[in-house]
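Data first, discussion second: the structure below is written as structure tokens.
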Amino acid sequence: MGKKIAFVGLGHMGGPMAANLVKAGHSVSGFDLAPDALDHARKSGIDVADSAAAAAAGADVVITMLPAGRHVLGAYQGKDGLLAVTSPGTLFLECSTIAVEDAQAAHEMAAAAGHRSLDAPVSGGVTGATNGTLTFMAGGSAEDFADAEPILAAMGGRIVHCGGPGAGQAAKVCNNMILGISMIAVSEAFVLGEKLGLSNQALFDVASAASGQCWALTTNCPVPGPVPASPANRDYQPGFAGALMAKDLGLAVQALESTGVQARLGSLAEEIYRQFAEGEGANRDFSGIITEIRANASVETMA
Ligand code: NAD
């Protein structure tokens, strides 16, 4: 049976995710601060509310898909906040990418208000959100996960229960640290190959079937040619924007600092992507990092 779902944050990701909930037969009431997002949402059959509190009134489930932790905690708190305006026992699904610590704080606040909650960040980008094929990484109790699973299934293709509160964000931050580092590694290898006179196709043909194989190479290949659908073939239009990779690696570094883990490559990848995102890289696919690496590669060699 369809649920009454409040959806707060109807941007690039939240808009199509909420639209898929409507298609699955749920009654969705939504709110966003941006008028454009509300116009799109209205066209997808979402009942647009005047405020987050109005969207959440009477909801069985509240989903947030907001830019960062401060937006989520801000929307939860206060006398008109999402936690205060909903009936005890409401299920909160926090799908934004935020720090593990913020996710844990959101769980604690929800529990203190008598609610149930999961952190359930996603991977799969706008395409996955539109096609309903996102991967959800969930953290919270087994009971809350079981209740959330059919709702998440309307928006995603793969739903993994990663553990207790914050485990979903932990999985997200670890996965994206692998991705950031591996894209830099693949890009450095292509640039070195070019300098050695190796064609990109030859390196791809070997590495894609050898021990260098990884998603950054075989799906999001940073050079044009070997993988026709990769962003490199359309001048690095995202895809997954450099600004989002810089954000996610910033969350990884925050997690490294809070746990005391030394991860030299993770920290270096964060620095590299932060610089990339300060310039034009912000709005380019993160695989465009290869153009920076290539530009910096030509050091005079000794004769
Ligand atoms: P976005 O900026 O397009 O959407 C966020 C929306 O939240 C905006 O429309 C904004 O107006 C709205 N908003 C901000 N504060 C609000 C508030 N207090 N109340 C109501 N609405 C508010 O961002 P996005 O690309 O949809 O990303 C959302 C989250 O998903 C982020 O945490 C991002 O890191 C994560 N994510 C994005 C992608 C991607 O490819 N875009 C992939 C995976 C995860």
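The values are calculated or read from the model by the stated rules, or taken from the named source; none is laboratory data. Keep in mind the model is a prediction, meaning the values are calculated, not measured. Every residue, glycine as well, gets a Cβ built from its backbone with ideal geometry; the counts of neighbours run over all protein chains shown. With ligands, DNA and RNA removed, areas are computed over all heavy atoms of the protein, side chains included. Shrake-Rupley method; radii C 1.70, N 1.55, O 1.52, S 1.80 Å.
See the values below:
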quantity: Centre separation in Å (Cα based) which lies between the stretch 203-228 and the stretch 119-152; calculated: 28
quantity: Highest to lowest packing among 165-172, 272-279, scored as the average C-beta count within 10 Å; calculated: 165-172, 272-279
quantity: Per residue solvent-accessible surface (Å²) - the chain, probe of 1.4 Å; calculated: 47
quantity: For the chain, built as a Gaussian network whose Cα springs stay under 10 Å, the top-fluctuating residue of ALA103, ALA129, ALA255; calculated: ALA255
quantity: Fully extended contour minus Cα-Cα distance, from SER199 to GLN275, at 0.36 nm per residue; calculated: 24.5 nm
quantity: P(r) weight above 37 Å for the chain, C-alpha pairs, percent; calculated: 20
quantity: Listed residues ALA170, VAL62, LEU251: farthest to the positive end of the dipole of the chain (Cβ charges); calculated: VAL62
quantity: FRET efficiency, 1/(1 + (r/R0)^6) with R0 25 Å, evaluated for THR133 and GLU188 via beta carbons; calculated: 0.20
quantity: Residue of LEU179, LEU66, LEU33 that the Gaussian network model of the chain assigns the largest fluctuation, springs spanning Cα pairs under 10 Å; calculated: LEU33
quantity: Under-5 Å amide H pairs with GLN237, H placed in peptide plane, nonlocal only; calculated: ASP285
quantity: Above-threshold pairs, the threshold being 22 Å between Cα atoms, out of LYS79/LYS172; LYS43/LYS79; LYS3/LYS43; calculated: LYS79/LYS172; LYS43/LYS79
quantity: Length-normalised contact order of the chain in % [C-alpha pairs under 8 Å, at least 6 apart]; calculated: 12
quantity: Surface share of carbon and sulfur [accessible, 1.4 angstrom probe, percent] for the stretch 85-152; calculated: 53
quantity: Computed [θ] at 222 nm, deg cm²/dmol, the chain (DSSP H ≥ 4; -39,500 (n - 2.57); rounded to nearest 500); calculated: -14500 deg cm²/dmol
quantity: Distant-in-sequence amide H partners of ILE63 (H built 1.01 Å from N, under 5 Å); calculated: ALA6, PHE7, VAL8, LEU93
quantity: Whole-Hz ³J(HN,Hα) from phi, Karplus 6.51 cos²θ - 1.76 cosθ + 1.60, for the stretch 243-248, glycine and proline x; calculated: 4, 6, 5, 4, 4, 5
quantity: Using a Förster distance of 22 Å, the FRET efficiency for SER87-SER141 (Cβ separation, nearest 0.05); calculated: 0.70
quantity: Cα centroid separation - the stretch 263-295 against the stretch 49-88, whole Å; calculated: 34
quantity: Estimated vicinal HN-Hα couplings, Hz - the stretch 173-179 in sequence order (Karplus 6.51, -1.76, 1.60; Gly, Pro = x); calculated: 5, 5, 4, 6, 5, 4, 5
quantity: In order through the stretch 215-222: 3J(HN,Hα) via Karplus (6.51 cos²θ - 1.76 cosθ + 1.60), integer Hz, x for Gly, Pro; calculated: 4, 4, 8, 8, 10, 10, 3, x
